[in-house]
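Below is one structure, written out as structure tokens; the observations come after it.
The values are calculated or read from the model by the stated rules, or taken from the named source; none is laboratory data. Since the model is a prediction, treat every value here as computed from it, not as a measurement. Ideal geometry is used to build each Cβ from the backbone, glycine not excepted, and the neighbour counts take in all protein chains shown.
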Amino acid sequence: MAGFIDRFLARYDIYRYPGYYKKFDYWWAMVIDLDRCTGCGACVTACQAENNTPVVGEDESGKGRVLNWIRIERYIEGEYPNVKVKFIPILCQQCDKAPCEVGCPVYATYHNQDGLNVQVYNRCVGTFTCATYCPYDVRRFNWFTYNKRDLLQGKGGRSTSFEPPLDQQLNPDLSVREMGVMEKCTFCIQRIRAAKDKAKDEKREVKDGEIYPACVQTCPTKAMTFGDLNDPNSMVSKLTGLTEKTDYLREDGSKIFKIAKNPRTYRLLEDINVFPKVFYLKRVMNDDSSRHKK
Amino acid sequence: MTHQDTKSSISYEEVNEDILSIITRTGTGYYVLTACLAVMSVSLFFLPWIYQIYTGQGVTGLNSQVFWGVYLVNFVFWVGVAHAGTLISAMLYITHTPWRRAISRGAETITLFSLVMVPLFVFIHMGRPWNFYWTFPYPSQRELWTSFTSPLTFDVFAIGAYTTSSIIFLYLGLIPDLGVLSRNITGWRKKLYNTISIGWCGTDEQWHIHTRTSMFFSAFIMPLVVSVHSVVSWDFALSVVPGFSKTVFAPYFVTGALLSGFAAILLILSIMREVYPIMKRYITDYHYDRITLFVMILSLVWSYFTFLDIATDLYANTSEGIEHLKFKIAAPPYLQLFAFMIFSNAIMPLTYIFKKLRPSVFGRFVVPIFIIIGMWLERYLIIPNSLSRKFLPYIWRDYMPSWVEISITAGGFLGFTTLFMIYIKIFPIISIFDVKKDIGVPMKKRS
């Protein structure tokens, strides 16, 4: 009996902690170099075009219901003339220990075999738990069926989200969501799927740089990089310094959460221990604020 | 007036007549009022809900930061009100507390109708309520089940168990009374009583089984007093949100639930006593003395937990916790609400320390109303307010309920009142057999 419990606990430990997903072929992650980010917002637009997220109109935007899966957060520090503006693109962090997955009562959001945090629109009943639990506030809700709702609300004419001829530019690879459904960034799972299928047909692994989500593809300064952390030679592994797996989890099971060899690498809200898979590279300023603190 | 005086002032023969008079004597005004309330509750509750289902959750005041608003506040509030019934019927039954008997039926009824409101508000807050059955673990061909890690699934079980056992407990207590009713009341109700009293005729054996079953169910329900609201509090406490993630939440919510539940019992019984003066013979100053004392103790415990709730945030001294506290208790719109909550939940009940105030109009009506409003506010200050200030300041947003939410909330309160008013015309609001037990069966005097 004791042996059984020990085995169970050992297994449980494996399941609970990051590193479990390494036994799969891929471990998708994104690196965002804030030194390169100009805050232009091209990624926001690209995401909107790729993922069929609706335009919600003026009134709804004013209520804080903009349906963007990625947003550029803008923080302004200091007073004139010493003003600093900082940008940080925030998208779903695809946490390894995601709070949203714990909350969903119907498994509408779960962890898939690539370590991604996926959302099943058809299964969602709209309890809002995932969005409430999300520390990054990246989940978005379909408050109305936006492709049927009049966005102008009688202020001169009528307009819906995907009005003809705009419906022609909808992406056929994924659905248009109805009201009452939660949605969020998927790392463009339709592209990942397509690349994996192609690789499978050609009997090989997915190559580094073969997949790029819409935001990565469109970024004019190449601030964003997408890739597989399991592959030590991938661009993301090199950028984060995560070339050795032992940095993340030692073989004997003792946990080391110091992740990076690159001193610029950090993850958002690391102290709440949700293990996000979006790595930010710190912006280096030309003053004391960026000096490495010992 | 002591408890002994109450006993002696009523004779055994009068009990039936007194309590049945509440059921049988109904004025025209009562019908009109009930009909008005029914129409109002339906139009305030169901019409906006239908509009919301048809249009989408966007008709509420929620936004991409605050996803849980007034609906969840109402949900937690009604679960809370449902609590005192269980406590009185189970815990006080086992401890043989004498003041339980006259008020237990009323308390259980409040529990029942609060539990009608609870699932309604769960369904209302859902984005796609027509799929609500997906949250139940039913056998599905698609092999999709519910997630047992989710506190919402805990809720389904906890509230399901609580509702079922509350209904059974209420019915169990009703059975001996139904026998009395079916003998004394004619018309369609007689048929109803005959059917649902399942052959009760008051034999020794039946009494024996009844007492034993009541004891069993009291013991069975006792853990539920603690478990249900603890589970409801875990909806919040199991998250990482600064205002939610507190280990103190389970006992804090349970205490708050009992406080609001007792306040509801005080208020409703006081109103009923004014409408039916006959009840004054059964629910006396002695009862008020006991219940208010209980409320005062609960209020003190609640104050302690509120202090803990704030103190842990201050002590942890994380930036997000401090920001959340600043928003909740230091800035104008919510500072006043917080002060009002403290005033009504922590300071008002302290007036019960004066024995004369306990059965007074102030103690019977004013304080319970304040507590009920204060406890509703407490949930409001916890749920939407914590969500307004999460981690990333860029997306901080305030929340204001829309007319749909306010209307449905009001409709919920009216609906509860309507159901209660219909109920007291069909079933006795004071347990006849319990009161009789209190008085004692008249025996022939031995010479």
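Considering the range A:148-197, the residues that are hydroxyl-bearing (S, T, Y) and within 14 Å of chain B (Cβ to nearest Cβ) include one that is surrounded by the fewest Cβ atoms within 10 Å (Cβ to Cβ), namely A:T160. Selection of the range B:38-62 for residues being more than 10 Å from chain A (Cβ to nearest Cβ) and in contact with a Gly (Cβ under 8 Å, 6 or more places away or on another chain) yields B:M40, B:S41, B:V42, B:S43, B:L44, B:F45, B:F46, B:P48. As for the range B:336-346, it holds at least one residue that is assigned to a helix (DSSP H, G or I), in contact with an Asp or Glu (Cβ under 6 Å, 6 or more places away or on another chain) and not hydroxyl-bearing (S, T, Y). Restricting attention to the range B:242-257 and to residues that are surrounded by 22 or more Cβ atoms within 10 Å (Cβ to Cβ) and among the hydrophobic types (A, V, I, L, M, F, W, C), the residue that is nearest to the other protein chains (Cβ to nearest Cβ) turns out to be B:F244. Just one residue in the set A:T109, A:T132 is free of Cβ contacts under 8 Å to residues at least 40 places away in the same chain, within 12 Å of chain B (Cβ to nearest Cβ), within 24 Å of B:S388 (Cβ to Cβ) and hydroxyl-bearing (S, T, Y); that residue is A:T132. Screening B:K246 with (1) more than 23 Å from B:S114 (Cα to Cα); (2) in a helix (DSSP H, G or I) gives one miss only, at (2).
Taking the listed residues B:F327, B:F305, the one that is over 22 Å from A:P135 (Cβ atoms) and surrounded by 13 or more Cβ atoms within 10 Å (Cβ to Cβ) is B:F305, with no other qualifying. With respect to the conditions (1) among the acidic types (D, E); (2) within 14 Å of chain A (Cβ to nearest Cβ); (3) within 28 Å of B:R101 (Cβ to Cβ), B:D177 lacks only one, and its number is (2). What do you reckon, is B:S319 crowded, with 16+ Cβ neighbours inside 10 Å and hydroxyl-bearing (S, T, Y)? Spelling it out, it is not the case that B:S319 is crowded, with 16+ Cβ neighbours inside 10 Å and hydroxyl-bearing (S, T, Y). For the range B:183-200, state whether one or more residues are among the aromatic types (F, W, Y) and free of Cβ contacts under 8 Å to residues at least 12 places away in the same chain. Within the range B:183-200, one or more residues are among the aromatic types (F, W, Y) and free of Cβ contacts under 8 Å to residues at least 12 places away in the same chain.
Residue by residue through the range A:112-129, note down the ones that are more than 9 Å from chain B (Cβ to nearest Cβ) and in contact with a helix residue (DSSP H, G or I) (Cβ under 6 Å, 6 or more places away or on another chain). Selection gives A:G115 alone. Contact annotation: residue pairs with Cβ atoms under 7 Å, 6 or more positions apart or on different chains, pairing a residue in the range B:252-281 that is in a loop (DSSP other than H, G, I, E, B) with a partner that is not basic (K, R), are B:Y276/B:I22. Looking across the range A:34-54 at every residue that is small (G, A, S) and either modelled with pLDDT under 90 or assigned to a loop (DSSP other than H, G, I, E, B) (or both), the one that is nearest to A:F162 (Cα to Cα) is identified as A:G41. Quick check, is A:R177 more than 24 Å from the chain's Cα centre (by Cα) and not in a helix (DSSP H, G or I)? The answer is no for A:R177. Of the set (1) crowded, with 21+ Cβ neighbours inside 10 Å; (2) within 21 Å of the chain's Cα centre (by Cα), all apply to B:I426 but (1).
Among the criteria (1) at pLDDT 90 or above; (2) out of contact with any Phe, Trp or Tyr (no Cβ under 8 Å at 6 or more places or on another chain); (3) more than 12 Å from chain B (Cβ to nearest Cβ), the one A:P213 does not fulfil is (2).
Yes or no, residue by residue, for (1) outside any loop (DSSP other than H, G, I, E, B); (2) out of contact with any helix residue (DSSP H, G or I) (no Cβ under 8 Å at 6 or more places or on another chain):
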position: A:V56; (1), (2): no, yes
position: A:R65; (1), (2): no, no
position: A:N68; (1), (2): no, no
position: A:E73; (1), (2): yes, no
position: A:I76; (1), (2): yes, yes
position: A:P81; (1), (2): no, yes
position: A:I88; (1), (2): yes, yes
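Scan the range A:91-101 and tell me whether some residue there is closer than 22 Å to B:R397 by Cβ and within 9 Å of chain B (Cβ to nearest Cβ). The answer is yes; a qualifying residue exists.
Each row is one residue, and each column tells you yes or no for (1) on the phi > 0 side of the Ramachandran plot; (2) in contact with a helix residue (DSSP H, G or I) (Cβ under 6 Å, 6 or more places away or on another chain); (3) at pLDDT below 80; (4) part of a loop (DSSP other than H, G, I, E, B).
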| site | (1), (2), (3), (4) |
| --- | --- |
| A:Q217 | no, no, no, no |
| A:L242 | no, no, yes, yes |
| A:D252 | no, no, yes, yes |
| A:R283 | no, no, no, yes |
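I'd like to know if the range B:344-351 contains one or more residues that are within 19 Å of the chain's Cα centre (by Cα), crowded, with 18+ Cβ neighbours inside 10 Å, small (G, A, S) and away from chain A (no Cβ under 14 Å). Within the range B:344-351 (the criterion being within 19 Å of the chain's Cα centre (by Cα), crowded, with 18+ Cβ neighbours inside 10 Å, small (G, A, S) and away from chain A (no Cβ under 14 Å)), the answer is yes, since at least one residue qualifies.
Among the residues making up the range A:198-209, those that are out of contact with any Gly (no Cβ under 9 Å at 6 or more places or on another chain) and surrounded by fewer than 19 Cβ atoms within 10 Å (Cβ to Cβ) are A:K198, A:A199, A:K200, A:D201, A:E202, A:K203, A:R204, A:E205, A:K207. Could you tell me which residue of the range B:1-34 is modelled with the lowest pLDDT, considering only residues that are within 23 Å of B:P442 (Cβ to Cβ) and exposed (fewer than 11 other Cβ atoms within 10 Å of the Cβ)? Top of the filtered list is B:T2.
Taking the stated definitions as given, is A:D137 in contact with a helix residue (DSSP H, G or I) (Cβ under 6 Å, 6 or more places away or on another chain) and away from chain B (no Cβ under 11 Å)? It is false that A:D137 is in contact with a helix residue (DSSP H, G or I) (Cβ under 6 Å, 6 or more places away or on another chain) and away from chain B (no Cβ under 11 Å).
If you take the residues in the range B:147-167 that are over 11 Å from B:F136 (Cα atoms), among the β-branched types (V, I, T) and not in a loop (DSSP other than H, G, I, E, B), which one is farthest from the other protein chains (Cβ to nearest Cβ)? Please lay out each step first, then the result.
From the range B:147-167, those over 11 Å from B:F136 (Cα atoms) are B:149-151, B:158-159, B:161-167; that's our starting set.
Remaining after also requiring among the β-branched types (V, I, T): B:149, B:159, B:163-164, B:167.
Filter once more, keeping what is not in a loop (DSSP other than H, G, I, E, B): B:159, B:163-164, B:167.
Details: B:I159: 13, B:T163: 18, B:T164: 19, B:I167: 24 Å.
For the range B:147-167, the residue satisfying everything is B:I167.
Looking only at the range B:76-85, decide whether some residue is over 30 Å from B:K390 (Cα atoms), more than 10 Å from every other protein chain (Cβ to nearest Cβ) and surrounded by fewer than 21 Cβ atoms within 10 Å (Cβ to Cβ).
no
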